[in-house]
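Q: Would you mind keeping the following structure in view while I ask a few things?
No lab work stands behind these numbers, since they all come straight from the coordinates. Keep in mind that what you see is a predicted model, and the values were worked out from it rather than measured. Note: ideal-geometry Cβ built from the backbone for every residue, glycine included; neighbour counts use all protein chains shown.
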Amino acid sequence: MGKKDFFKIKMLHIITGLNTGGAEMMLYKLLSSMDRAAFEAGVVSLMDIGAVGNKIQELGIPVQALGMRRSMPSPLDILRLFYWLRENPPHCIQTWMYHADLIGGLTAKLAGGIPVVWGIRHGNLDPQSSKRRTIWTTRVCARLSRWLPARIICCSEASRQVHTEMGYTASKMVVIPNGFDLAAFKPDPSARAAVRKELGIPGEALLIGQVGRFDPQKDHRNFIDAAARLHSCRHDIHFLLCGDRITQDNKDLSEWIKSAGISSCCHLLGRRNDIPRLTASLDIASSSSYSEGSPNVIGEAMACGIPCVVTDAGDSALLVGETGKVVPPRNPRALAEAWRKLIEMGPEGRNQLGLAARHRVEEHFNLPLIVTRYEAIYEEIMGHMR
C-alpha cells in the first residue's frame with residue numbers, strides 16, 4: 001500500500017483575497033483538480049470571500065474570511081487566525097501572495113510550527129505601480145525566507161530571479177507555472193459568430209482582444225495606442241477588452257479610446273463570466289503588460305487555439321514560445337506591427353499558429369501536470385516531517 005492509502009494530507013490555503021485575479025484563479029484550478037482521496041483542503045482569505053471564494057465553495061471546499069482591511073491588518077484578526085490554526089491544525093499550509101506569505105507564515109510558526117509553502121506571483125516590483133506597503137512586506141519576507149517557509153513556489157522564472165536578487169533564499173525556491181484546463185478552454189467555432197453578433201459587428205470582422213483588469217501594470221494605454229496605429233491603416237479591425245473596471249465608466253480608459261479615435265471599433269465588456277467563449281472568438285489575443293508573472297489569459301488563449309502577441313514581461317515569452325509574437329513592453333509601434341504581421345498571415349496561417357499554441361499547452365502547461373507538481377511538493381514536505 002502507498003502512503004496515499006493510509007495518510008490523507010490536510011492542506012490549508014491562506015490567500016490575501018479572493019476576488020478575480022491570477023493567483024486566485026490558480027488556487028481555484030488547483031483545488032478543482034487535486035486528488036481528493038489524498039488531500040483534504042480548506043481556504044482562508046485574509047479579506048473577503050469574493051467571486052472566486054464562491055466558486056471554491058461550490059467545489060465543496062470550506063472557505064473562511066477574516067475580513068481584514070487593505071490599509072492595515074488588525075491584530076485581533078491575526079489572533080483569530082492563530083486560534084483557528086490551534087483549534088484545527090492542518091498538516092501543511094500553502095500561502096498565496098505577499099501579505100498572506102507574511103501573516104500566514106508567522107501565524108503558522110506561532111501555532112505550533114506548521115510547515116508553510118509560500119506562493120510568489122509577481123514578476124517584478126515596480127516602485128511606480130507597487131504600493132509602498134507591498135514593497136515593505138516583500139523586504140520583510142526576504143529576511144524571513146531563510147527560516148519561515150519550507151519551500152517557496154514561484155509562478156515564473158522571472159519571479160524566481162527577481163526575488164532571489166531581493167534576498168529570498170534561492171535554495172528553497174521552485175518554479176511551477178500556471179496550468180490550464182484544456183476542457184474549459186478549447187477551440188469553439190460557434191463563438192466567433194455569436195460574439196460578433198453580440199457586439200453588432202460584421203461576421204467576418206477581425207477581432208483582437210485582451211482580457212485583464214484595469215491596472216497600471218497591464219498597461220492598457222499601450223494597447224490603446226497600438227490599436228490607434230493599426231486603425232489608421234485598417235479600419236475593419238475591431239478590439240475587445242474585458243475585465244474589472246474595463247467599462248465606459250472608467251474615465252481614463254474612455255478618454256484614451258476617444259483621443260485615439262477608435263471609439264467605434266473598441267468594445268469594453270467589463271467583468272464577464274464567459275471568458276472561454278470570448279477568448280475563443282478572437283483572431284488574435286494580446287497582452288500589453290509591462291510587468292507580469294506568468295499570464296493566465298495568454299495560456300487560456302493558447303488553449304483555445306488563438307495565436308498571441310505578448311510583451312516581453314515576466315514569463316510571457318517563455319509561455320508563448322514560437323507559437324506567437326513577442327514585442328518589447330511600452331512600445332505600441334512594435335505591438336501594432338506584430339498584430340499586422342499576424343493579420344497578413346491570413347486565417348490559415350493564424351490557425352496553424354493556434355494549433356501549435358494549443359499543443360504547447362498540452363505538452364508543458366496542462367493543468368493535471370501542474371497540479372501533480374504541487375501535490376509532489378506537499379508530499380515531499382510531509383515526508384520530511386514524519
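Q: Under 5 Å between amide H atoms, partner at least 5 residues away or on a different chain: which partners does L206 have, H built in plane at 1.01 Å?
A: So L206 has HN proximity to H238.
Q: For all pairs of alpha-carbon atoms in segment 8-84, what percent lies in each bin of width 10 Å, listed from the first bin to the last filled one?
A: Answer for segment 8-84: a P(r) of 19, 50, 27, 4 percent.
Q: What is the distance in Å between the Cα centroid of segment 168-208 and that of segment 326-345?
A: 19
Q: So what's the angle, to the nearest 10 degrees on a 0 to 90 scale, between helix 75-87 and the longest Cα principal axis of the chain?
A: 60
Q: At a 10 angstrom cut-off on C-beta neighbours, averaged per residue, how do the peptides 56-65, 140-149, 15-24 rank from highest to lowest?
A: Going from most to least packed, we get 15-24, 140-149, 56-65.
Q: What are the extents of the Cα atoms of segment 189-364 along their three principal axes, listed from largest to smallest and rounded to whole Å?
A: Principal axes ranked by extent give 42, 34, 33 Å for the Cα atoms.
Q: Tell me, what is the percent relative contact order of segment 25-104, built from C-alpha pairs under 8 Å that lie six or more residues apart? Write down the numbers at each step before the final one.
A: Details: 57 pairs, mean separation 18.7, N = 80.
Relative CO of segment 25-104 lands at 23 percent.
Q: About its Cα centre, what dipole magnitude does segment 189-364 give when the only charges are +1 on Lys and Arg Cβ and -1 on Asp and Glu Cβ, stated in debye to the nearest 20?
A: Magnitude of the dipole: close to 360 debye.
Q: Now, a different point. Using a Förster distance of 22 Å, how high is the FRET efficiency between D252 and K131, based on the Cβ-Cβ distance and rounded to 0.05?
A: Between D252 and K131 the formula returns 0.75.
Q: Placing +1 at every Lys and Arg Cβ and -1 at every Asp and Glu Cβ, with all other atoms neutral, what dipole size does the chain have around its Cα centre, in debye to the nearest 20?
A: In total the dipole reaches around 880 debye.
Q: Setting aside same-chain residues fewer than 8 positions from K172, which lysines have a Cα under 19 Å from its Cα?
A: K109
Q: Write down the percent of antiparallel bridges among all DSSP beta bridges whose residues are both part of the chain, to the nearest 5. Before the final figure, lay out each step's value.
A: Details: 0 of 42 bridges.
Looking only at bridges with both residues in the chain, the antiparallel portion is about 0 percent.
Q: May I ask which of K218/K258; K55/K197; K186/K325; K131/K218 have a Cα-Cα span longer than 22 Å here?
A: Over 22 Å Cα-Cα: K55/K197.
Q: Spin-label point model (7 Å from Cα, Cβ direction): what's the V140 to L110 distance in nm?
A: Calculated label separation equals 1.1 nm.
Q: Also, quick follow-up: Between beta-carbons, use under 13 Å as the cut-off and find the net charge around I114, counting Lys and Arg +1, Asp and Glu -1.
A: +2
Q: Additional query: Projecting each Cα onto the charge dipole of segment 222-329 (Lys/Arg +1, Asp/Glu -1 at the beta carbon, about the Cα centre), which of T279, V326, C308 comes out farthest on the positive side?
A: Of T279, V326, C308, it is T279.
Q: Just flag the GluC sites (Glu not before Pro) in segment 163-221 sitting in loop per DSSP whose Cβ has no more than 11 other Cβ atoms within 10 Å.
A: E204
Q: Right, here's the next one. What do you get for trypsin sites (Lys or Arg not before Pro) in segment 65-122 restricted to DSSP loop and a cutoff of at most 15 other Cβ within 10 Å of the site's Cβ?
A: Working: sites: R69, R70, R80, R86, K109, R121; in loops: R69, R70, R121.
In loop regions of segment 65-122 (DSSP not H, G, I, E or B), the sparsely surrounded trypsin sites (Lys or Arg not before Pro) are R69, R70.
Q: So how strong a dipole does segment 181-271 carry about its Cα centre when Lys and Arg Cβ are +1 and Asp and Glu Cβ are -1, to the nearest 20 debye?
A: Computed charge dipole of segment 181-271: roughly 80 debye.
Q: Using Cα pairs closer than 8 Å and at least 6 residues apart in sequence, work out the relative contact order for the chain, in percent. Show your work: numbers first, answer last.
A: Numbers: 740 pairs, mean separation 56.4, N = 386.
Relative contact order, the chain: 15 percent.
Q: Of T372, G383, H235, which is farthest towards the positive pole of the chain's charge dipole, taken about the Cα centre with +1 and -1 on the beta-carbons of Lys, Arg and Asp, Glu respectively?
A: So the residue furthest toward the plus end is G383.
Q: Under 5 Å between amide H atoms, partner at least 5 residues away or on a different chain: which partners does K186 have, H built in plane at 1.01 Å?
A: It is none; the list stays empty.
Q: Could you work out, for segment 61-217, what percent of all Cα-Cα pairs fall into each 10 Å distance bin, beginning at 0 Å and stopping at the bin that holds the largest distance?
A: Result returned by the calculation: 9, 29, 28, 18, 12, 5, 0.
Q: I've got another one for you. Any idea what log10 I(q)/I(0) is at q = 0.17, 0.18, 0.21 Å⁻¹ for segment 289-340, Debye with uniform C-alpha scatterers and no solvent?
A: -0.44, -0.50, -0.68
Q: Right, another one. Which entry in (i) 52; (ii) 43; (iii) 49 matches percent of Cα pairs over 29 Å apart derived from the coordinates of this structure?
A: Checked against the structure: label (ii).
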